[in-house]
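The values are calculated or read from the model by the stated rules, or taken from the named source; none is laboratory data. Since the model is a prediction, treat every value here as computed from it, not as a measurement. All Cβ positions, even for glycine, are placed from backbone atoms using ideal geometry, and neighbour counts span all protein chains on display.
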Amino acid sequence: MARSASPGAPSGAPPAKWLIEKLDSIGLTHEIDSAGNLFATLPGASEKTVVVGSHVDSVPNGGWLDGALGVVTALEAMRRYVAEPNHPVTLKLVDWADEEGARFGHSLLGSGAAAGTLDLEEVRPLKDKQGTLLVDALKENGVELDRMLDAHVSLKKNQRESLSRISHRTRRRSRIAK
């Protein structure tokens with residue numbers, strides 16, 4: 001599956017390519033879920049998992065570090081954890097796909113899918129300024145809108161419940177801010 005920071009940005013786009021190269025350089029493989037979210041996991045002695053990360057997409061006039069700082073910080077945590085001899089817990093890096101929603105005006109696509117809170121019928125008709133449908137931009141990048149909620153199934157139950165609570169609060173705040 002292709003990976004993009006936002007629908008329409010190819011998997012070879014600089015942020016995604018850079019992150020994958022950095023993960024490769026420390027010996028970590030990555031996986032892309034059905035929503036286009038990128039994960040890298042460093043297994044620990046325990047199945048208890050600490051998830052760190054953010055997103056690399058941005059918005060016009062957004063903060064220059066915004067979500068990217070969270071991803072770079074997570075990458076550094078992974079790099080340091082790899083170098084340690086013991087890994088008591090599992091560490092997972094995440095780069096959420098299309099969190100800002102700048103192109104289609106709908107934020108939290110990747111994390112919303114993973115949390116199970118993404119309303120597919122709400123986003124299905126969305127178009128960008130050029131008239132491209134979100135569903136078509138996703139498809140160009142290997143993501144099928146109707147399969148995005150499968151990302152929800154791939155998270156462990158406790159991770160889904162925590163993410164769902166956080167996503168619900170964040171979505172409520174983002175609607176208030178509009």
Practice task
Taking K17 as the residue in question, decide whether it is at pLDDT below 90 and in a helix (DSSP H, G or I).
Solution key: yes
Problem - Answer residue from segment 33-82, given it is touching a residue at least 60 places away in the same chain (Cβ under 8 Å) and part of a strand (DSSP E or B) and is nearest to V143 (Cα to Cα) among those - result: V51
Practice task
For segment 68-81, indicate whether the set of residues that are within 13 Å of the chain's Cα centre (by Cα) and among the β-branched types (V, I, T) is non-empty.
Solution key: yes
Practice task
Considering only segment 98-151, state which residues are in contact with a helix residue (DSSP H, G or I) (Cβ under 9 Å, 6 or more places away or on another chain), acidic (D, E) and not in a loop (DSSP other than H, G, I, E, B).
Solution key: D146, D150
